[in-house]
Every structure is written in C-alpha cells, then in structure tokens.
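Have a look at the structure below before the remarks.
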C-alpha cells in the first residue's frame, strides 16, 4: 500500500478515533447487508452491529462502530485507528499467520448469485467464460484471483459488496460471489432480479472478529464475551432475527470452542478458561 493510500485511510478514521481508556472502536463494512448496512436516520444496523453491541455489554465497555470499506479495515486496525475488525472476517490460514482471531461465531462458505433468468450454475466448471463480481479485499476476492485461470473465469473487484451486486444486475458480470448469508440476503433485496446458483465453495471456514497480532488481551476478552453470548442464547437469537431461521445444531453460532481463537489455526491459544458472564 502506498503512502498516499495510508494517509487517506488514517484521515478517514481519524474522526472516529477515541482514546482506548474511553472505549473501543470496531470497524465494519457498512454495505455488507445483512451484517452491517445503512439505516434510516443515520448509522448502521445489522447482525454484526447487534453482535458488537452485545459484546460491549458483556465486557462492560463502550464500543464505537465505524463503517468503512472492508479492504481498509485491517490496515486501519494495524495502524491503530480502530481497535478490532467487527465485520465478518473469514479465518484463513494466511490471515491467521498475520492476525489474531476470536473463536468463530458463524460458519461461512462462498456462494454465487446469478441473474434470475440465467441458467443455473451447478459446478465450478460452469463458471468458465463468465465474469464474477465481488468485494475487493475479501476472502472471496482472494479465492477468485487464485482460481480464475484454473476455471477460466474473469474477476471484477469492487469497493463494496453492494456495487458488486449492482454489476451483476446491470450485466457487467454474469455471477456475483460473497458469503452464504450475504448472498441469500442480496437475492431477497433484489426483488426477483437475481437467484442463488447451486454451486458453492465450502472450505470449512468460520467468520470471527480480527485483532492485531500482539493484542492477545483484547482478543481474549472479546472471545470470552462471544462465548457468553453463545451460552446465554443471545447469539442464536441474533441469528434467527437476521437470517430468519434457527442456527444449525453444532454450528459455530451455538458451539463454544476450547481455548481462545479458532482451533487448528495459527494464533489459537488452547488455555482452558471459564468466562465471567453477565
């Protein structure tokens, strides 16, 4: 990232910055519905907004929410402009080597959306010759860039997920790629213009909150808060509120994982603990 880009990111987050002893700042992608999206009267709402607020209650701390483009959130956190990334962040081996993560709170797989009148895409081979739109800097972007040559498709990356959906609707792309919950929600909001494709990519990943590599204390505190929200039923209730059905039994939304972080990934701390829940 060049010096100008870093300066612009710092300036964008400076207005939201507050001292750590006065509270925390969680960054979200404010266009990533239904996880965080603009609401009438200003601000953002969504599953992750509610989740961050519940985490704050468990921790007894004020958490300010800052909405920006996903691609800028991790650089802003590493620059000290925000405390942690509260946007749903896919925990991949590469990311786990460079960041700390809380335990997972949602299972995630990659889904594809196509125009309502288009033929279904049932396999990855069916993506050949198509242009796929997606959110720049996301795990989907990385997967698509790495697999474009293998499956013969082209990639168009956009600053927001909403823009990538619009590219599909306008005909600039023939398929749009995002997480399963976001893809399903975008179809509902498109009012019959799009539909889910049959093909998916499931690598067994989860979504979690992301932290600086050296911020074990905050990671562990948020991890324990998430555990409490699973145990007291608050997290499953948020799942049903925003996704319309109960969280699957044994899923990351209801299962409390051992230690801190994501088991099997770098940064996982197997230390046994008992969270202090409110």
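Tabulated data for the structure shown
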| item | result |
| --- | --- |
| Pair list, Cβ < 8 Å and 6+ apart or interchain, from the range 176-204 residues that are in the same structural domain as residue 163 (by TED's automatic domain parsing) to residues that are in a helix (DSSP H, G or I) and surrounded by fewer than 13 Cβ atoms within 10 Å (Cβ to Cβ) | none |
| Residue in the range 147-173 that is nearest to the chain's Cα centre (by Cα), counting only those that are farther than 16 Å from residue 71 by Cα and buried (at least 22 other Cβ atoms within 10 Å of the Cβ) | 165 |
| Top-ranked residue in the range 219-233 [being touching a residue at least 12 places away in the same chain (Cβ under 8 Å) and surrounded by fewer than 16 Cβ atoms within 10 Å (Cβ to Cβ); ranked as farthest from residue 204 (Cα to Cα)] | 232 |
| Output for the range 237-260, where each listed residue is within 22 Å of residue 215 (Cβ to Cβ), part of a loop (DSSP other than H, G, I, E, B) and either in contact with a helix residue (DSSP H, G or I) (Cβ under 7 Å, 6 or more places away or on another chain) or in the same structural domain as residue 94 (by TED's automatic domain parsing) (or both) | 256 |
| So residue 176, is it more than 19 Å from the chain's Cα centre (by Cα), outside any helix (DSSP H, G or I) and either over 21 Å from residue 47 (Cα atoms) or modelled with pLDDT of 95 or more (or both) | no |
| Set 86, 126, 80, 104: member being within 28 Å of residue 275 (Cα to Cα), more than 19 Å from the chain's Cα centre (by Cα) and at pLDDT 95 or above | 80 |
| Wholly within the range 64-168, helices (runs of 4 or more DSSP H) carrying at least 3 residues that are out of contact with any helix residue (DSSP H, G or I) (no Cβ under 6 Å at 6 or more places or on another chain) and free of Cβ contacts under 8 Å to residues at least 60 places away in the same chain | 139-151 |
| Subset of the range 130-146 that is modelled with pLDDT under 95 and more than 9 Å from residue 157 (Cβ to Cβ) - its residue that is surrounded by the most Cβ atoms within 10 Å (Cβ to Cβ) | 140 |
| Filter result for residue 258 (over 30 Å from residue 127 (Cβ atoms), surrounded by fewer than 16 Cβ atoms within 10 Å (Cβ to Cβ) and at pLDDT 95 or above) | yes |
| The one condition in (1) more than 16 Å from the chain's Cα centre (by Cα); (2) within 22 Å of residue 33 (Cβ to Cβ); (3) assigned to a helix (DSSP H, G or I) that residue 227 fails to fulfil | (2) |
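The values are calculated or read from the model by the stated rules, or taken from the named source; none is laboratory data. Just so it is clear, the structure is predicted and the values come from calculations on it, not from any experiment. Counting neighbours? That spans all protein chains shown, and the Cβs are built from the backbone with ideal geometry, glycine included.
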